[in-house]
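One structure is given below, encoded as structure tokens.
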Amino acid sequence: MSQCLRALRQVLLILGLCSCSLDIPVENELTDPNAITSVQTAYEALSSAYTSYPKEAYHLSLLSDDFVPTFTASQDPSSYRLYSYTESELQELAEGLWRSYYEAIRDLNAVLTRLPALRPTLSTQEQHQLDYLEAEAKTLKALCYLELLQLFATPYSDTAHPAGIILKDRVEREELPRSPKAEVADRIKALLTEAITAFASSGTPAHGSAPGFLGRQAAKVILARLCVYQGDWSGAEEATSGLTSGQITRSLIPEQIADWRSGDQRFALFVSTIPSSYFSRIYLQESNKKGSLAYQLPRSLYLETGDLRRRSYVVDSTLVVDATTTRALQLPGKYVQLILERNNPTQAYVVRRSEVVFLRAEALARLGKEDEARTLLNTYLSACHATPIASSHTGTQLLEDILHEKQREFAGESLRFYDLKRLGLPIVHYSPNEVRISLTIPADSYKRTLPIPPSERSNSRIGTQNPGWPNNLHQP
């Protein structure tokens, strides 16, 4: 590895991909054709896209049924309004997500458009590294498109509303129409297919084994997510083929509290860098100096005493009901345990290795391979020391089991929101401590699809607003 690439690796490890190190501002850097002159500067530019990629798992989990408010939830009005599906809060979330995703896409386009001119100036080894970098950029762009589609378009099965999102391939601002969902899905698949092929043939990346980057396995999981989103079960089975071994062990499970600190590669296929204050800001109430958790897990997701995940996935607590009655609670524990110990994490999991089990199990079950699906899931549950799925569970019951165990595994990691939307399941929210149902968002509610924000509505070619949302939204 050349001296400049060693320096690059050290920079990225130290900064955790926090920013580009070029001396010129990002906007100028991205539009200057002379800015990317080596593999090192290409990675520095790519790092800005990694940084721009939004980190909103917590807020999307509030919109799903992963959390139940505690009596202190109202002390954080913003999150409580989001949990209550208040239009203004949904609009503000939409504005921030849209901007962040398209900032990342802009940065990725800047990298991708500069690479062809750079390639002839490089050695053979550097060209292989550039191939790997290009695959990373295409994978991250595909992930951004997929999540935009899941958030800002109606479910894929909704043929009455075909509008998807905007496909952008240039750095410069353009007024473009929304492409149909099917066209966006085809573009995502093409990007991932190209990336998977390039990853397989390009060898070792310039950044070595530094955590935080995308690779071939992550690209295949994202492809499986796309197939599940489309209902392409054969595609999901094919994408996950070879990603699970016959001997699934506890090595996939972040058992220890410290395992959530730095995106450990034993469990991570892709992690995102976050500010050290990120989780403490969103999970803990600032009004309490010791920190108090505003949301708990619903009882249906509680982990059993012997489950190996319990120590690091949940925080055990007790609710005092009255002078003579208490009730055991389980609060979200991923990352939170570290915060309570004043040891804030700086990276968050985006794609975990265990997700393959659940994506593949659902695909197999829907293809009629129920015994194979049940065996796969039970192998993982046995590794967790959790209760396996009964052999008598078939059909709809088996699918419900798979989805329930997936929610238990990934509570607080945003995946549940996407599942509820694609499956058209009602979203049920509760008053503090599950005393009663406070809100039900039915499958046909317009609030399940975020509005195209006012910042983009000025685009004369954008077309109609998402169903149910007015065309004349105001800036939040």
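Readers should treat all values here as calculations from the given coordinates under stated rules, not as data from a laboratory. The structure presented is a predicted model; accordingly, all values stated were derived computationally and were not measured. Glycine gets a Cβ as well: all are built from the backbone with ideal geometry, and neighbour counts include every protein chain shown.
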Anything in the stretch 109-123 that is more than 30 Å from the chain's Cα centre (by Cα) and hydrophobic (A, V, I, L, M, F, W, C)? List them, or say none.
Ala117, Leu118, Leu122
Regarding Leu93, is this residue within 30 Å of Ser438 (Cα to Cα) and under 21 Å from the mean Cα position of the chain (by Cα)?
yes
Being without any contact (Cβ under 8 Å) to a residue 40 or more places away in the chain and of a type outside the set (Asp, Glu) is the filter here; which residues of the stretch 81-104 pass it?
Arg81, Leu82, Thr86
Conditions (1) surrounded by fewer than 20 Cβ atoms within 10 Å (Cβ to Cβ); (2) under 20 Å from the mean Cα position of the chain (by Cα); (3) within 22 Å of Gln296 (Cα to Cα) -> Glu409 fails only (1)
Please state which of the following conditions Ser317 fails to meet, knowing it meets all the rest: (1) among the hydroxyl-bearing types (Ser, Thr, Tyr); (2) exposed (fewer than 15 other Cβ atoms within 10 Å of the Cβ); (3) in contact (Cβ under 8 Å) with a residue 40 or more places away in the chain.
(3)
Can you tell me how many residues in the stretch 293-336 are in contact with a strand residue (DSSP E or B) (Cβ under 8 Å, 6 or more places away or on another chain) and more than 28 Å from Arg436 (Cα to Cα)?
1
Is it fair to say Leu108 is buried (at least 22 other Cβ atoms within 10 Å of the Cβ) and either under 25 Å from Ile437 (Cα atoms) or of a type outside the set (Ser, Thr, Tyr) (or both)?
yes
So Glu126 ticks every box in (1) closer than 27 Å to Ser272 by Cα; (2) within 23 Å of the chain's Cα centre (by Cα); (3) in contact (Cβ under 8 Å) with a residue 60 or more places away in the chain but one. Which box is left unticked?
(2)
Name the helices (runs of 4 or more DSSP H) wholly within the stretch 26-111 that hold at least 2 residues that are within 30 Å of Arg299 (Cα to Cα)?
57-63, 77-83
Please identify the pairs in which a residue from the stretch 136-156 that is of a type in the set (Phe, Trp, Tyr) has its Cβ atom under 6 Å from the Cβ atom of a residue that is not in a helix (DSSP H, G or I), counting only partners at least 6 apart or on another chain.
Phe152/Ile165; Phe152/Leu450
Here are some conditions: (1) surrounded by fewer than 16 Cβ atoms within 10 Å (Cβ to Cβ); (2) closer than 30 Å to Arg360 by Cα; (3) in contact (Cβ under 8 Å) with a residue 40 or more places away in the chain. Glu400 meets all but one. Which one does it not meet?
(3)
